[in-house]
Amino acid sequence: MAALFLLAVTACSHSTASIGEKEKNLVTETKLTEREKTILSSLNDKVFVFDYKLSQPYKKTSIWIEKYDNGKKGSASIGKISTAPEKKNGQLIVSLTNMNSNIKGMRPAFKLAIGGNGGSVSNATEADEPISLNMSTVNPKSKIVDGKELILAGFFNGNASLSASIFEDAEKDPGAALAGYGTVYLVKCTFSN
């Protein structure tokens, strides 16, 4: 199933580049077609796809999820993966599956992937508790700076979007800004040499 997910997402993101030819060192939300959204939603409950375009090679790209409860960061990152990007263009992908499953033994899972032309690395991590999330906020564009953390998205249960200020300085502790949201999962990444 993980291979099918990765194949579908990689195929989708190759056809919908969202970063202009002249723009470099950016991570942007991928603009998916309705068809691509339908394919991905049939495989996952929630999917976030981001394109990156680099002006220089980086030795390491990492993506992970951090959990915050009422503004307090959990003890460990969820599903962190890292790879050396093969190309200067690629995708960062996050999905959640089985979020509302009542089937015994089926637990919610986070799937992370880093893909590029000709290669990818992925990981699936089961959640340790049921997850009920109805809102997400995506950072549409992030400037890549060597070694600096970026927040790509946040997902949570609520009725209001996360403040845009959370995305502006990912290395600043977002705890105070997240205090009123209950449980929030932040998708983070880095590019480093």
| said: Which aspartates and glutamates, if any, have their Cα less than 16 Å from the Cα of Lys148, not counting same-chain residues under 8 positions apart? | reply: Glu66, Glu168, Asp169, Glu171, Asp173
| Out of every Cα pair in segment 32-99, what percent are spaced more than 17 Å from each other? | 58
| said: Taking the solvent-accessible surface of protein heavy atoms with a 1.4 Å probe, what is the per residue accessible area of segment 145-193 in Å²? | reply: 42
| remark: So for segment 74-193, using the alpha carbon gyration tensor with a ≥ b ≥ c as root eigenvalues (a/c under 1.5 gives rounded; past that, a/b versus b/c decides prolate or oblate), I'd call it oblate
| query | How much length, in nm to one decimal, is gained on full extension between Lys88 and Thr33, taken as 0.36 nm per residue of separation minus their Cα-Cα distance? | reply | 17.5 nm
| query | In straight Cα distance, which aspartates and glutamates are under 18 Å from Lys53, not counting same-chain residues fewer than 8 positions off? | reply | Glu21, Glu23, Glu29, Glu86, Asp146, Glu149
| Ordered by residue, what ³J(HN,Hα) values in Hz, to whole numbers, does segment 81-90 give under the Karplus form 6.51 cos²θ - 1.76 cosθ + 1.60, where θ = phi - 60° and Gly and Pro are x? | 10, 9, 7, 8, x, 6, 10, 7, 10, x
| 23 Å Cα-Cα threshold exceeded, pairs from Lys60/Lys188; Lys87/Lys172; Lys31/Lys60 | Lys87/Lys172; Lys31/Lys60
| Once the other residues with Cβ under 14 Å from the Cβ of Pro174 are scored (Lys, Arg +1; Asp, Glu -1), what is the net sum? | -2
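The values are calculated or read from the model by the stated rules, or taken from the named source; none is laboratory data. Owing to the predicted nature of the structure, the values given are computational and were not obtained by experimental measurement. We place every Cβ from the backbone using ideal geometry, glycine too, and count neighbours over all the protein chains shown. These accessible areas exclude ligands, DNA and RNA; they are computed on the full protein's heavy atoms, side chains included. Shrake-Rupley method; radii C 1.70, N 1.55, O 1.52, S 1.80 Å.
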